[in-house]
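Since the structure comes first, as structure tokens, the remarks are kept for the end.
The values are calculated or read from the model by the stated rules, or taken from the named source; none is laboratory data. Computed from a predicted structure; not experimentally measured. FYI the Cβ positions are ideal-geometry reconstructions off the backbone, even for glycines, and counts take in every protein chain you see. In case anyone asks, the SASA skips ligands and DNA or RNA and just uses the protein heavy atoms, side chains included. Shrake-Rupley method; radii C 1.70, N 1.55, O 1.52, S 1.80 Å.
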Amino acid sequence: MALLSQVGPSYCGQTETTCCKTGHSLVFSMASDIETFKMKETCSSFPLLSFSSTKKGQILRMDNTGLGLRRINQLVVAASPPTEDAVIAAEPLTKEDLVAYLASGCKPMEKWRIGTGHEKFGFEFGSLLPMKYEQIANLLNGIAERFDWEKIMEGDNIIGLKQGKQIISLEPGGQFELSGAPLETLHQTCAEVNSHLYQVSLNDALMCSIILDFRYFSHLYSDMLFLARGRYNIIRNYMPKVGSLGLHTMFRTCTVQVNLDFISEADMTRKFRAGLALQPIATALFANSPFTEGRPNGYLSMRSKIWTDTDNNRAGMLPFVFDDSFGFEQYVDYALDVPMYFVYRKKKYMDCTGMSFRDFMAGKLPCLPGELPTLNDWENHLTTIYPEVYCMDSWSSGLIHLHICKPYIFFQVRLKRYLEMRGADGGPLRRLCALPAFWVGLLYDEVSLQNVLDMTADWTKEEREMLRNKVPKTGLKTAFRDGLLRHVAQDVVKLAKDGLERRGFKESGFLNEVAEVVRTGVTPAEKLLELYHGKWCQSVDPVFEELLY
């Protein structure tokens, strides 16, 4: 799920409102000073982001005459819809062009930003059934009208919203995704999440019969939300050919992710290696998907497990990242041979499954004989690659029983013109804020980053693979060398906290939830299992009430 590139200013406003926690639903308040931002369990103050307003009723439509989407004469690039060039490339692309595309993401530290994205599922309060498209469309229209978002349309269907640098989009299973703006601090990031949930909660139609929540729903093969979006039809048809669980990722997963910048190729390499090495720890810390079909499935993070049989041509550990020669060029060589999904031309998705981008550059795509790709085709292709997926999204195979309501973040590391850190099961609001905090503290601080690299330098390929395979089942209790993974996680969380403190924005409090996990050694999934076997009398239905926002 692609986010906007991490460039541009952050936005922080002075608007205030008040709130308290009522029952299990949070209503958020906004304060004006990010330095005094404090997370509290009941009634809190959060900074509300201000956004440039546009006239209500303006509509964004897919347009093949420009880059991505157009509103009048202004170009915008959405989070999920594809980009398409205005004209056919005058000259063939070379590998050097593709390398330069990735290298163009390098930026000085003062321009580094934090971009957080997260998906949610809505369900009907009484029946626990997922929202239908008509209900989601009403929600999108309500948010647009009440909070001045621009509508993104595909044909007659509303498929998203845009406001400033934020995008709300829909995924194939009805996932309701916010792709956040690039922001400077974690206070702003968490405030953005709060503002989004506040806007959702105030939608009249939603409050009447629907509760938008972070959870995984039951209709695996539903075509509820394909709308006119041909890319998902292509992917749906292709995934069963390359793995047995791929469709689960489309229909039953919600992700939370953070996008981070790099200053140079060397900096990208170091962050990529650190991110890959620590994926098992992220998986363990955020593990939160222990149920399938209303019963324990034997895993703490089932979502992580299913990525081992989704599409191994585009998912995995990428051991070459740890080679001395790794850099932009080697990643390009890898991506060139990852099978394509589609090419977008004249408002249509063209099935190119099984062919490589290298074939495309040689003019050998059967669907576009003799045609050569543009950089926008390359950009679209990069969004379909999912290396090292320590996925921890929500997971369920039941018809009604859904194992958890909160978003399951799946951590992988993906390189575009920034690094996408994806893949840890989510949970309550505090954990949505903890995810970017974890990675920012480790990767945006030079001391912590170097300590991570030193700590993991002698980890072998076999050890990394062992952790990848065992952590989804045993979490922090996974045996590693002379101890448990929990002991390594304690050191890593300490490094993340120290890194945040050195940033000087008073952000270390966002790690409190994760720190408690390593202190006790009990993951969120294990807490759910305890409730299931105790208070819930072996029923997962109470999870909907237990974890509502």
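Worth pointing out:
- A search for C-beta distances below 6 Å between a residue of the range 151-171 that is at positive phi and any residue that is open to solvent by 10 Å² or more (accessible area, probe 1.4 Å), counting only pairs 6+ apart in sequence or on different chains, returns 155/228; 164/51; 164/52.
- Qualifying residue in the range 99-111 (condition: among the aromatic types (Phe, Trp, Tyr) and either in contact with a Cys (Cβ under 7 Å, 6 or more places away or on another chain) or within 24 Å of residue 543 (Cα to Cα) (or both)): no
- Of the residues screened, residue 499 is one that is within 24 Å of residue 114 (Cβ to Cβ) and open to solvent by less than 10 Å² (accessible area, probe 1.4 Å).
- One residue alone among 177, 184 is more than 18 Å from residue 132 (Cβ to Cβ) and acidic (Asp, Glu), and that residue is 184.
- Test for residue 194: is it at pLDDT 55 or above and open to solvent by 10 Å² or more (accessible area, probe 1.4 Å): no
- Here residue 355 qualifies as open to solvent by 20 Å² or more (accessible area, probe 1.4 Å), among the hydrophobic types (A, V, I, L, M, F, W, C) and either touching a Lys or Arg at 6+ places or on another chain (Cβ under 8 Å) or on the phi < 0 side of the Ramachandran plot (or both).
- Leading residue by the ranking (nearest to residue 497 (Cα to Cα)) among those in the range 520-538 that are in contact (Cβ under 8 Å) with a residue 12 or more places away in the chain and part of a helix (DSSP H, G or I): 524
- Selection count where residues are farther than 21 Å from residue 425 by Cα and touching an Asp or Glu at 6+ places or on another chain (Cβ under 7 Å), scope the range 112-127: 2
- Members of the range 321-352 found to be open to solvent by 10 Å² or more (accessible area, probe 1.4 Å) and of a type in the set (A, V, I, L, M, F, W, C), listed by number: 322, 326, 342, 350
- Residue 287 hydrophobic (A, V, I, L, M, F, W, C), in contact with a Leu (Cβ under 9 Å, 6 or more places away or on another chain), modelled with pLDDT of 80 or more and under 22 Å from residue 447 (Cβ atoms): no
- Residues being aliphatic (A, V, I, L, M), at pLDDT 90 or above and either open to solvent by less than 10 Å² (accessible area, probe 1.4 Å) or assigned to a loop (DSSP other than H, G, I, E, B) (or both) are entirely absent from the range 237-258.
Conditions tested, residue by residue: (1) at pLDDT below 95; (2) more than 23 Å from residue 436 (Cβ to Cβ); (3) open to solvent by 20 Å² or more (accessible area, probe 1.4 Å); (4) in contact with a His (Cβ under 8 Å, 6 or more places away or on another chain).
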position	(1), (2), (3), (4)
460	no, yes, yes, no
503	no, no, yes, no
510	no, no, no, no
540	yes, yes, no, yes
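Okay, residues lined up against (1) surrounded by 24 or more Cβ atoms within 10 Å (Cβ to Cβ); (2) assigned to a strand (DSSP E or B):
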| position | (1), (2) |
| --- | --- |
| 121 | yes, yes |
| 127 | no, no |
| 142 | no, no |
| 145 | no, no |
| 153 | no, yes |
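- Boolean, residue 167 is outside any helix (DSSP H, G or I) and surrounded by fewer than 24 Cβ atoms within 10 Å (Cβ to Cβ): no
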